[in-house]
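One structure is given here, and the rest of the page talks about it.
The values are calculated or read from the model by the stated rules, or taken from the named source; none is laboratory data. What you see is a predicted model; the values in this text were computed from it and never measured. Positions of Cβ are generated from backbone atoms using ideal geometry, with glycine treated the same way; all protein chains shown enter the neighbour counts.
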Amino acid sequence: MSEMDTPNNSTSSEEIPPSEPIIRSFPYRLRIEPRMEEPARWYPFLLFLGALVLALVIGGFLLVLAGGDPLRSYAHIARASFGNIGVISDTIVKATPIIFTGLACSIAFRMHLWNIGAEGQFIMGAFGAGAVVLIPLLPEGTPVWIFIPVMAVAGIVAGAFWGFIPGFLKARLKVNEIITTLMMNYIAIAWINFFIFAVWSEGGFQMTTKFPDNAWLPRLLDYANRIPVFRGLTTHLGFLIGVLAAFVLWYIIFRSRWGYEIRLIGDNPRAAQYAGINIQRNTILVMMVSGALAGLGGMSEVAGVVHRLQTSPIAAGYGFTGIIVAWLAKLNPFGVVLVSILFGALILAGREIQPSGLPKMIQGIILVCLIASDFFIRYRIRFVRLGEEI
Amino acid sequence: MMAKNSHNDIDNPPSFVVEMRGIVKRFPGVLANDHVDFRLHRGEIHALLGENGAGKSTLMNVLAGLYRQEVGTVLVNGQLVNFSSPGDAIQAGIGMVHQHFMLVPSQSVTENILLGLDKPRFRMELAKYDSVIAELGERFGLRVDPRAKIWQLSVGEQQRVEIIKMLYRGAEVLIMDEPTAVLAPQEIEVLFNTLHSMIANGKSIIFISHKLQEVMAIADRVTVLQRGKTTAEGLEIENITRRELAHLMVGRDVVFRVDKKPSEPGNVVLDVQNVVAENDKGLTAIQNLSLQVRAGEIFGLAGVAGNGQRELAQVITGLRKVNQGRVLLNNKVISNRSARFSIQRGLAYVPEDRTHVGTSPNLSMTDNVIMKNYRQPPIARGWAIDMTTATTFAKDLKQDYDIAIPNVDTPVRLLSGGNLQRVILAREISGAPTLMVAVQPTRGLDVGAIESVHRLLLSQREAGTAILLISEDLEELLALSDCIAVIYEGQIMGEVMDENIDIIGLMMTGMDLEEIQAGGSAKNV
């Protein structure tokens, strides 16, 4: 405003008139600026740990306010989820379905397809696997090594089909996949309920009969005769399959032509089009693979843990947890495995110290801190001396 | 050329509604307005003419309170003003109708006009305001239903809403930023009638345009800008010919030359035959256009932005369908196939939009340079990508094209414009293309980067690639091209081999070559 009458102050910006009042209590100011260079490789890990510690400190205060001893509580939580081989096994069992749904979400999100229907695809996968047993598709006494793969294929196909529908609608008719995938969750629940309550109901109870032994995924405790340490450990083959799926998915995304297309479409669809990539086809394919992963998770859960079709343990929100897990893992498949185990531990610990009523809140604080820490990857904060601009 | 800064009248006659003196506005790397003068009489239509990037919009954004000048003064009705927001400008009676409308599609005309005003305060009382607005529109010949939703209206009607919006806010001076760019011919006629009726009602209008014939048709006086400087201020339209205006707009000496060998054009590589295509809005963007580009030559396509260049590039590269006609690459039809089809037949494309089309910002440089060849060995190994080979490939390009990037895993969003363009050119050239379509390859780059891009294009030409260079920068076209054609409203106005900049300028404003040659011999300007 004051420069209107002085036409000679055009270029030099160093000589700023001392118009600012000099008396200020704090001579520095915070400046937030976008990061212009890539942070070092160790930085995200450190940030992750820092956020975790901060969350625990905040949670500690809450525990003190509630009259608890934070250190003892945390020690208890740690013992409850990682304290001995038995609870570690339980943590892993809890983590297994989340690994699958997390992977399912991560590949869809990588292409900026907002598949929030992993829940429904998970349920349909469980249904598909259960149908193999309950129809029955295979004669009684079929060996495990045939039974399990057939169930897995059925779960994959059912999940993929549940992903195909919104994928097709998105690709061909531009229907918003957020709405369709969300709605199809409810259809899936109603669908499986119908079969559990009516068709395959066991004597009117809201569950089906227990699957025969040859339709169970092998568990560690099955080998307890030979390896006594495994006694009582319920970790099942599904975990191994999940970890394997993470490896395969990593390879697909970062080392295959198709994965390259997915990454390119996700980051810049116009550039992908320019590079001659068929976006519609990939939309359908990615939704199918995403659904297939969630469906495999559903199969793993019924064949590994539940051993029957029953609504509450199957439709337990693993699909929705998968969304958060995928984000926290920055869509990296290995990250999904690690974050899922953390989540498994939190679920277990929550149950362990339920009486104090705080674990849910601490879970929430950890999530908020982890998600918010992302800010420091994109931006950095500098202290700037007042007057020394830029 | 007009001498400027010669006037020094302190007590200016009251007939000036707006007077801008010595406006300077700088953007990083560009001097958008360099001591520009502009004076608007009451009750006139004053055209502001200039090429893209001449500084017209910048000057008017200063007047409308969107930008603030660094040096210079603005007077409205003889009063010194100092706008810090568009609100201040409208308070002083200056309203701008932007090229891109700022309307809410799901709301009605009245709601859009009332948006952001203090009255009505809480209850909308739409019925009352509907009639006020209908009346206002009637008075200025702006017929539009106040109850209609914006999405139901044609572009011409939406423009009327924008004008009413400004009139309702009490605008005495209306700035119209290229108002005809979005309109169909009949709508343009309606607009011109509206402008006349506003003048009759005592308003004053600034009409930003780069179309000579429109300026000649509607304006009373004209101010011409060229590269941020005034080349003519307030000329009476009656006393000037179209040819003189064209010269004021584009005429200049070519500043720098590029050493290039004489061209040895080979076979026809690109053959565009009678192509008709539409733009995104479904209006005809390219009308029966034909051109040929030969191996080893740079074919320059000049023209003011928005005359079908973008659509033409997309048609050739397979990103847009043609309605009629066809495009041949080495005698094979590539139109209405796919982008992939053309890429595999040796087409390279340097798109206009480096960041949104040409590259993928968060992916690494390696991922960005394999965009076109990831399907072929050695980068592809079956369905997998050989990352070792890809990384080596990227490192070689980084070395050969002198790309300043810490390492090839760095995401390209961290690169400067010049480096980003080198990444794109490296990728496109490494495919040994037979045809390269380059759109505005040096826009926004600094001098050094421009030079390196030019050298790369010329070395491609010597390697026998056919190059279609689409640019708005005449100097660049003159320096590089072996042959220049001018596109205007989707048609080729003519091709010239020599460097007659005045003829190119006339063609850019809508005269075709035959017309110019006939007119040129009839009366010497």
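So which residues in region A:59-82 are under 26 Å from A:A329 (Cβ atoms) and either touching a Gly at 6+ places or on another chain (Cβ under 7 Å) or loosely packed, with under 15 Cβ neighbours inside 10 Å (or both)? Of everything in region A:59-82, those that are under 26 Å from A:A329 (Cβ atoms) and either touching a Gly at 6+ places or on another chain (Cβ under 7 Å) or loosely packed, with under 15 Cβ neighbours inside 10 Å (or both) turn out to be A:A78, A:R79.
Scanning region B:303-317 for residues that are touching a helix residue (DSSP H, G or I) at 6+ places or on another chain (Cβ under 8 Å) and at pLDDT 90 or above, we see that the one that is farthest from the other protein chains (Cβ to nearest Cβ) is B:I316. So, A:R72, is that one more than 25 Å from A:R231 (Cα to Cα) and either within 14 Å of chain B (Cβ to nearest Cβ) or basic (K, R) (or both) or not? Here the answer is yes, as A:R72 does meet what is asked. Each residue in region B:397-413 was checked for being within 10 Å of chain A (Cβ to nearest Cβ) and of a type in the set (S, T, Y), and 1 pass. Just one of the numbered conditions (1) within 23 Å of the chain's Cα centre (by Cα); (2) away from every other protein chain (no Cβ under 14 Å); (3) at pLDDT below 90 is not true of B:L31: (2).
Of all residues in region B:318-352, those satisfying the criterion of being in contact with a helix residue (DSSP H, G or I) (Cβ under 8 Å, 6 or more places away or on another chain), within 14 Å of chain A (Cβ to nearest Cβ) and either of a type in the set (V, I, T) or closer than 28 Å to B:T410 by Cα (or both) are B:I334, B:A339, B:L347, B:A348, B:Y349, B:V350, B:P351, B:E352.
With the structure loaded, tell me whether A:L47 is modelled with pLDDT under 90 and surrounded by 15 or more Cβ atoms within 10 Å (Cβ to Cβ) or whether it fails that test. Give the steps one after another, and end with the answer.
On the way: modelled with pLDDT under 90: yes; surrounded by 15 or more Cβ atoms within 10 Å (Cβ to Cβ): yes.
Considered against the rule, which asks whether it is modelled with pLDDT under 90 and surrounded by 15 or more Cβ atoms within 10 Å (Cβ to Cβ), A:L47 comes out as yes.
Residues of region B:125-175 that are surrounded by 16 or more Cβ atoms within 10 Å (Cβ to Cβ) and acidic (D, E): B:D130, B:D145, B:E157, B:E162, B:E172.
When B:A426, B:A466, B:A394 are checked against the criterion of being out of contact with any Gly (no Cβ under 9 Å at 6 or more places or on another chain) and closer than 16 Å to B:A348 by Cα, B:A426 stands alone in meeting it.
Whether any residue in region B:333-350 is polar (S, T, N, Q), in a loop (DSSP other than H, G, I, E, B) and within 28 Å of B:T442 (Cα to Cα) is what I want to check. So far as region B:333-350 goes, yes, one or more of its residues are polar (S, T, N, Q), in a loop (DSSP other than H, G, I, E, B) and within 28 Å of B:T442 (Cα to Cα).
Only helices (runs of 4 or more DSSP H) wholly contained in region A:239-322 count here; list those with 3 or more residues that are more than 25 Å from A:I148 (Cα to Cα) and within 14 Å of another protein chain (Cβ to nearest Cβ).
Qualifying helices (runs of 4 or more DSSP H): A:257-267, A:269-274, A:279-301.
Take the conditions (1) closer than 23 Å to B:F299 by Cα; (2) of a type outside the set (D, E, K, R); (3) within 23 Å of the chain's Cα centre (by Cα); B:L435 misses just one of them, which is (3).
Please tell me if A:R257 is over 30 Å from A:S201 (Cβ atoms) and surrounded by 17 or more Cβ atoms within 10 Å (Cβ to Cβ). Don't jump to the end; show me each part of the working.
Details: over 30 Å from A:S201 (Cβ atoms): yes; surrounded by 17 or more Cβ atoms within 10 Å (Cβ to Cβ): yes.
Yes, satisfied.
If you go through region B:42-59 one residue at a time, do you hit one that is within 13 Å of chain A (Cβ to nearest Cβ), buried (at least 17 other Cβ atoms within 10 Å of the Cβ) and out of contact with any strand residue (DSSP E or B) (no Cβ under 7 Å at 6 or more places or on another chain)? No, region B:42-59 contains no residue that is within 13 Å of chain A (Cβ to nearest Cβ), buried (at least 17 other Cβ atoms within 10 Å of the Cβ) and out of contact with any strand residue (DSSP E or B) (no Cβ under 7 Å at 6 or more places or on another chain).
Residues of region A:112-131 that are touching a Leu at 6+ places or on another chain (Cβ under 9 Å) and surrounded by fewer than 24 Cβ atoms within 10 Å (Cβ to Cβ): A:I116, A:A131. Contact annotation: residue pairs with Cβ atoms under 7 Å, 6 or more positions apart or on different chains, pairing a residue in region B:275-303 that is in contact (Cβ under 8 Å) with a residue 60 or more places away in the chain with a partner that is in a strand (DSSP E or B) and hydroxyl-bearing (S, T, Y), are B:G303/B:Y488.
Only one of the listed residues (A:R226, A:R231, A:R219) is away from chain B (no Cβ under 14 Å), surrounded by fewer than 15 Cβ atoms within 10 Å (Cβ to Cβ), closer than 25 Å to A:G344 by Cβ and basic (K, R). That residue is A:R231.
Return the total of residues in region B:110-136 being under 31 Å from the mean Cα position of the chain (by Cα) and assigned to a helix (DSSP H, G or I).
2
Within region B:68-121, the set of residues being buried (at least 17 other Cβ atoms within 10 Å of the Cβ), within 14 Å of chain A (Cβ to nearest Cβ) and either without any contact (Cβ under 8 Å) to a residue 24 or more places away in the chain or within 25 Å of B:V182 (Cα to Cα) (or both) comprises B:V81, B:F83.
Within region A:333-355, the only residue that satisfies the criterion of being surrounded by fewer than 20 Cβ atoms within 10 Å (Cβ to Cβ) and among the polar types (S, T, N, Q) is A:Q354.
Consider region B:353-396 and keep the residues that are within 11 Å of another protein chain (Cβ to nearest Cβ) and of a type in the set (F, W, Y). The one that is surrounded by the most Cβ atoms within 10 Å (Cβ to Cβ) is B:Y374.
Checking the structure you have, find out if any residue of region A:218-235 is at pLDDT below 95 and under 24 Å from A:A158 (Cβ atoms).
Applying the first criterion (at pLDDT below 95) to region A:218-235 yields A:218-235.
Going one step further and asking which of them are under 24 Å from A:A158 (Cβ atoms), we end up with A:218-219.
Taking every residue of region A:218-235 in turn, at least one turns out to be at pLDDT below 95 and under 24 Å from A:A158 (Cβ atoms).
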